[in-house]
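Derivation of every value follows stated rules applied to the coordinates shown; laboratory data play no part. In this text the structure is predicted, and so the values were computed from the model without any measurement. Cβ coordinates were reconstructed from backbone atoms using ideal geometry, including for glycine residues, and neighbour counts include every protein chain displayed.
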Amino acid sequence: MAGIGTVGAARGDAPPPAAQRGRQGPDRRGRATTPYLFLAPYLVLFLVFGLAPIVFGLWLSLHQWDLQLPHRPFVGLDNYRDLFSSDSAIYGDWWSSVRATGIFTLFSVPLLVVVPLGLALLLNEKFPGRTFFRAVYFAPYVLGVAVIGLLWRFLLDANLGLVNRLLGAVGLPSDTPWVTDVPWAWVSLVGVTVWWTSGFNAVIYLAGLQDIPPELYEAAKMDGAGAWDRFRNVTLPGLRPVMLFVLTTTILASANVFGQSFLITQGAPGEQTRTVVWRIVDEGLRDNDAGRAAAMSILFALALAVISMVNFRFFRYRED
């Protein structure tokens with residue numbers, strides 16, 4: 001019997017286990033590398049457009065990088081120290097822009113979280129023309145910031161704007177400085193941003209509402225829960241992951257505001273509505289100091305990263 005098995009193996013009829021393992025080895029290695037082949041395009045894009053700019057920005061922030069001079073000396077952490085030193089030339093402008101960004105974020109984020117939620121709850125109900133109204137509320141979001149800024153700059157003009165004319169037509173004050181004085185400049189910036197971007201957050205909320213099982217609402221009704229109790233005990237817990245996404249992205253978007261203040265208020269009055277991103281652009285392109293601009297960008301990015309981690313930590317704690 002042993003001789004027959006040897007002859008069969010020699011003819012290739014029944015390969016021994018060792019031959020089988022040797023022939024299957026390359027196939028297994030090929031299957032192991034397949035996921036990395038699919039990930040390769042993204043990894044290349046991430047390295048080129050994500051990681052490389054971050055590393056270059058860190059290196060840039062450690063130099064006095066004047067775009068008009070051939071020599072760019074290494075200054076270490078001096079660019080960062082200047083942002084916290086009261087005797088620095090950029091200290092006042094930097095913290096003024098931080099304050100402006102904080103004011104805008106503080107007043108815009110709650111509205112951009114609550115107002116779209118209310119819209120989504122209304123648009124989630126069944127009524128004639130629901131699809132039309134969904135499109136109407138989302139429509140402003142497809143417009144670019146340049147269109148929005150120029151449109152509302154004209155509408156809010158204190159002398160020629162349509163807003164003051166309509167207010168005067170109904171007997172209200174018609175000389176409100178919407179874009180040239182505070183707090184009206186902040187009212188304009190926050191109001192325009194809420195009008196412009198609420199539709200996007202409302203669509204995100206709508207998607208989350210449709211993922212909540214209807215059986216939960218039916219069970220709550222059978223237990224005698226009213227509309228408020230169903231909203232508090234069914235809707236809000238079901239929307240918690242969606243609210244985390246909306247809150248985090250809204251904070252990041254509001255903190256990076258630039259186009260609205262640049263086009264609508266143009267930084268007025270004075271530079272009180274000039275934001276952090278605007279300050280970074282001026283420092284790097286107008287004042288030709290890319291090193292300080294990079295330091296501002298990195299410090300700003302770290303602050304936003306900390307805020308995002310706090311949001312994730314808070315929502316995870318609430319879920320536990």
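Tabulated data
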quantity	calculated
CD proxy at 222 nm, helix term only [per DSSP H run n ≥ 4: -39500 (n - 2.57); per residue of the chain; nearest 500]	-21500 deg cm²/dmol
Computed magnitude of the charge dipole of the chain (debye, nearest 20; Cβ of K, R +1, Cβ of D, E -1)	1220 debye
Karplus (6.51, -1.76, 1.60) ³J(HN,Hα), θ = phi - 60°, over the range 154-159, in Hz, Gly and Pro reported as x	6, 5, 9, 4, 5, 9
Residue-wise HN-Hα coupling along the range 105-119, computed from phi with Karplus coefficients 6.51, -1.76, 1.60 (Hz; x: Gly, Pro)	5, 4, 8, 8, 5, x, 5, 6, 9, 7, 4, x, 5, x, 4
Neighbour-limited loop hits for trypsin sites (Lys or Arg not before Pro), the range 53-134 (at most 13 other Cβ within 10 Å; DSSP other than H, G, I, E, B)	K126
As computed over the range 45-122, the Cα convex hull volume per residue (Å³)	165 Å³
Positive-end residue of G226, V276, P173, charge dipole of the chain with Cβ unit charges	G226
Principal axis box of the range 150-225, alpha-carbon based, largest edge first, Å	57, 27, 20
Ratio Rg/Rh, restricted to the chain and using Cα atoms, in which Rh is the Kirkwood radius	1.18
Equivalent ellipsoid dimensions for the range 139-278 as semi-axes, Å, which come from the Cα gyration tensor, largest first	38, 19, 13
Along each principal axis, Cα extent of the range 104-211, largest first, Å	48, 31, 25
For V179, residues with placed amide H under 5 Å, excluding near neighbours	A158
Summed side-chain charge close to A290 - residues other than A290 whose Cβ falls under 10 Å, Lys, Arg +1, Asp, Glu -1	-2
